[in-house]
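Beneath this line is the structure, given in structure tokens, with notes to follow.
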2 protein chains.
Amino acid sequence: MNKEISAEEKILTAARRIFENKGMSGARMQEIADEAKINKSLLHYYYRSKQKLFEAVFKSAFNTLSPQINTILSSDESICEKITGFTFNYTTFMVKHPYLPNFILQELNRNPEFVTELISSKNLPGMKKFRNQIKDAVEEGKIRNIAAEQLFINILSLNIFPFVSTPLLKGFLEVSDKGFKDILEKRKTEVAEFIIQSIKL
Amino acid sequence: MNKEISAEEKILTAARRIFENKGMSGARMQEIADEAKINKSLLHYYYRSKQKLFEAVFKSAFNTLSPQINTILSSDESICEKITGFTFNYTTFMVKHPYLPNFILQELNRNPEFVTELISSKNLPGMKKFRNQIKDAVEEGKIRNIAAEQLFINILSLNIFPFVSTPLLKGFLEVSDKGFKDILEKRKTEVAEFIIQSIKL
DNA sequence: GTCTATAGCCAGATAGAC
DNA sequence: GTCTATCTGGCTATAGAC
């Protein structure tokens, strides 16, 4: 059954694991080959170079994360529904892929041009729609006056940061792995509450 | 005048810049030497190895950041004062050192043992004091019922995340460098407001 | 303390047999 | 497509002159 998985797929899966842990410069082609249990030169056969393999991994990671972020901006739900839904879905997803946001932020900081390439090529409704939604909700007296940009940053911060700073938080909170997992589990609903409490009138 | 600066200092300053940008594995000793305008072998003369030089930089960075975080836990101010003060001070400081949190989180994720080494060696009042403060404030009816851990994570998230995710946020917000700088400037007070709104009764 | 030169290693990439 | 062997360059680190 596992024999059915092509070498190309095995490489990509292994490369994801290694690159997400060690980053572009920390990863070794030999390590990826070992992880995939294939010969090192096959990496070059399928992906030509380390850079190209890395880009495949990075784009795939970014394209996993960015639609999730985009639901906040472009879904048609009410603000509270958005916040509740996003918080729950995002945290659930991240518990399963804890290295993803860290990897993306890291490489984006090293190579900020990637963003324009990856986001602006998509022509999404983006900020404009969200800005209007917030403006309307404020005018209709549904939420207090807050800038859409600030609210957007706050939502992302509260949801993503715990996964980027796990070791630091564990240190300051003085909790075990299990204890931290429990805290994250609670955040699936706590974070939405926290935000809604803050913007309600 | 600049001649007064010792080679050792020049190396450390240069190493900070390079390591904070590229991380341990991405940095090159030659690059650090060039940045410091000094001969490469002097790096080894003063710091023996890349690893040792890196550790000097990392510890210094961590010891800059961690006392700031600790003020939330251990200062004697009221909760609202803490939140307002920390938000303002931290953001002001970070605008001047935007690479610092990213660097620390990155290397901490690669090497989680660092935390225990660096935090627990300090024997700080830590979480305990903060937990009590929150418990008291809840009982006295000053704030709504919220777990100290969650509040702590929220405060850090809202303050630190924007500096860790700058390229990503710029991309989604579709703003220029200047536009993003303005948003951060506003956060010096907006973030505290956001938190206090959420926890007040 | 500061320099030049170089040892020694390791990683990415390719050649070529099967 | 998959393997072994090897080239090539770059990087850390040291030896040794001044």
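The values are calculated or read from the model by the stated rules, or taken from the named source; none is laboratory data. All of these numbers come straight from a predicted model, not from anything done at the bench. Reconstructed Cβ throughout: ideal geometry from the backbone, glycine too, with neighbour counts over all protein chains shown.
On the given criteria, is A:Lys122 of a type outside the set (A, V, I, L, M, F, W, C), more than 16 Å from DNA strand D (Cβ to nearest atom) and within 22 Å of A:Ile11 (Cβ to Cβ)?
Answer is no for this residue.
Return a yes/no flag: does the stretch A:54-77 have any residue that is of a type in the set (D, E, K, R), within 11 Å of DNA strand C (Cβ to nearest atom) and outside the structural domain of A:Asp136 (by TED's automatic domain parsing).
no
Would you mention how many residues in the stretch B:28-38 are more than 9 Å from DNA strand D (Cβ to nearest atom) and either over 25 Å from A:Gly26 (Cβ atoms) or of a type outside the set (A, V, I, L, M, F, W, C) (or both)?
Total satisfying the criteria: 4.
Would you check which residues across the stretch B:97-106 are more than 8 Å from chain A (Cβ to nearest Cβ) and crowded, with 22+ Cβ neighbours inside 10 Å and list them?
Scanning the stretch B:97-106 gives B:Pro101, B:Phe103.
Within the stretch A:54-110, which residues are closer than 25 Å to A:Leu43 by Cα and small (Gly, Ala, Ser)?
Selection gives A:Ala56, A:Ser60, A:Ala61.
Exactly one condition in (1) surrounded by fewer than 21 Cβ atoms within 10 Å (Cβ to Cβ); (2) more than 7 Å from chain A (Cβ to nearest Cβ); (3) under 17 Å from A:Leu151 (Cβ atoms); (4) aliphatic (A, V, I, L, M) is false for B:Ala137; which is it?
Against the list (1) surrounded by fewer than 21 Cβ atoms within 10 Å (Cβ to Cβ); (2) more than 7 Å from chain A (Cβ to nearest Cβ); (3) under 17 Å from A:Leu151 (Cβ atoms); (4) aliphatic (A, V, I, L, M), B:Ala137 comes up short only on (3).
Among (1) within 12 Å of DNA strand C (Cβ to nearest atom); (2) assigned to a helix (DSSP H, G or I); (3) away from chain A (no Cβ under 13 Å); (4) of a type outside the set (D, E, K, R), there is one condition B:Ser25 misses while meeting the rest; what is its number?
Every condition holds for B:Ser25 apart from (3).
Kindly state which helices (runs of 4 or more DSSP H) lie completely within the stretch B:115-198 and contain at least 3 residues that are free of Cβ contacts under 8 Å to residues at least 40 places away in the same chain and closer than 21 Å to A:Pro167 by Cβ.
So the answer is B:148-164.
If you scan the stretch B:1-20, which residues turn out to be within 14 Å of DNA strand D (Cβ to nearest atom) and either closer than 22 Å to A:Met24 by Cα or assigned by TED's automatic domain parsing to the domain that holds B:Leu100 (or both)?
Result: B:Ala15, B:Ile18, B:Phe19.
Just checking, does the stretch B:83-105 include any residue being without any contact (Cβ under 8 Å) to a residue 12 or more places away in the chain, in a helix (DSSP H, G or I) and under 22 Å from B:Lys129 (Cα atoms)?
Checked the stretch B:83-105: no residue is without any contact (Cβ under 8 Å) to a residue 12 or more places away in the chain, in a helix (DSSP H, G or I) and under 22 Å from B:Lys129 (Cα atoms).
Would you tally the residues in the stretch A:30-60 being part of a helix (DSSP H, G or I) and away from chain B (no Cβ under 14 Å)?
The qualifying residues number 21.
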